[in-house]
Amino acid sequence: MATKLEYPKNGAGGLDETTTGVIRLVLVDDHELVRHGLRALIEAEPDLEVVGEAATAEEAVRRIGFDEPDVVVLDLDLPDGSGIEVCRQVQTLSPKSRVLILTAFADEGALIAARRAGARGFVLKRVHDFDLVAVIRRVAGGGLAFDDAPDTESVQRPKDPLLARLTERERIILAQIAEGKTNREIADDLYLAEKTVKNYVSNLLMKMGIRHRAGAAAHLVRIQAEARHAYPPADWDHPRR
């Protein structure tokens, strides 16, 4: 079953879902199959057009700066960097472009980071085709499309036994560590004292039974990589009609 998406109503933070003209998109995902499936879905719509694709963060930056699309459909996990950092750079590269995060991994820390980086939407790849098209139009029209609880069960009660030992806040901080952030940067992002973050890090390492933060980050990255296969991209081969 697809995740239920909540959109702000007109006059409450979003614009009308209908837009004029053709909506130009850049697709950023390191899986070619996913990009091809998205392209097939999108280009079946008369008002949507894919003008570029990218498989890496570096490629995405060049593509977005050159094409200046209306919407960037962006995966979080890229081989050479984080989609969150690409999202931040979009604000400078192409200020009129709106970013829609499309990810296979339900992670509350990533959701928070995406909002702060300027993303206009955050949805899971298991979203139904017609829902995704509606989300794209919504974001292009200036609205928001955030699933504030991407997958409550997996966020609050992870299946991985080590992550299950952590509190919600500790998992958010671990996600920031996995992005390579220092305690100072995490403190700034989460509006905490640096000493508080240091205590959180010490506690989560102790709970996980891991001595170094790099090891904890590596564990999370491995779990995230495995989670990509939870919702097979085969569903994205052809648009539903």
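The values are calculated or read from the model by the stated rules, or taken from the named source; none is laboratory data. Note that the structure is a prediction, hence the values are computed from the model and not measured. Every residue, glycine as well, gets a Cβ built from its backbone with ideal geometry; the counts of neighbours run over all protein chains shown.
Looking only at segment 161-183, filter to residues that are acidic (D, E) and either loosely packed, with under 15 Cβ neighbours inside 10 Å or touching a Ser or Thr at 6+ places or on another chain (Cβ under 6 Å) (or both); which one of those is farthest from L78 (Cα to Cα)?
E168
Give the residue that is surrounded by the most Cβ atoms within 10 Å (Cβ to Cβ), with candidates limited to residues of segment 48-84 that are in a helix (DSSP H, G or I) and charged (D, E, K, R).
Taking the candidates together, the pick is R63.
Does G142 satisfy the condition of being in contact with a strand residue (DSSP E or B) (Cβ under 8 Å, 6 or more places away or on another chain), over 21 Å from D77 (Cα atoms) and either outside the structural domain of R35 (by TED's automatic domain parsing) or modelled with pLDDT of 90 or more (or both)?
For G142, the condition - in contact with a strand residue (DSSP E or B) (Cβ under 8 Å, 6 or more places away or on another chain), over 21 Å from D77 (Cα atoms) and either outside the structural domain of R35 (by TED's automatic domain parsing) or modelled with pLDDT of 90 or more (or both) - is met.
Out of D131, D80, which single residue is touching a residue at least 60 places away in the same chain (Cβ under 8 Å) and of a type in the set (D, E)?
Just a single option satisfies the conditions, and that option is D131.
Of all residues in segment 85-98, how many are buried (at least 19 other Cβ atoms within 10 Å of the Cβ) and either touching a residue at least 40 places away in the same chain (Cβ under 8 Å) or farther than 23 Å from K181 by Cβ (or both)?
Number satisfying all stated conditions: 4.
Can we say E45 is over 16 Å from the mean Cα position of the chain (by Cα) and more than 26 Å from G180 (Cα to Cα)?
Here the answer is yes, as E45 does meet what is asked.
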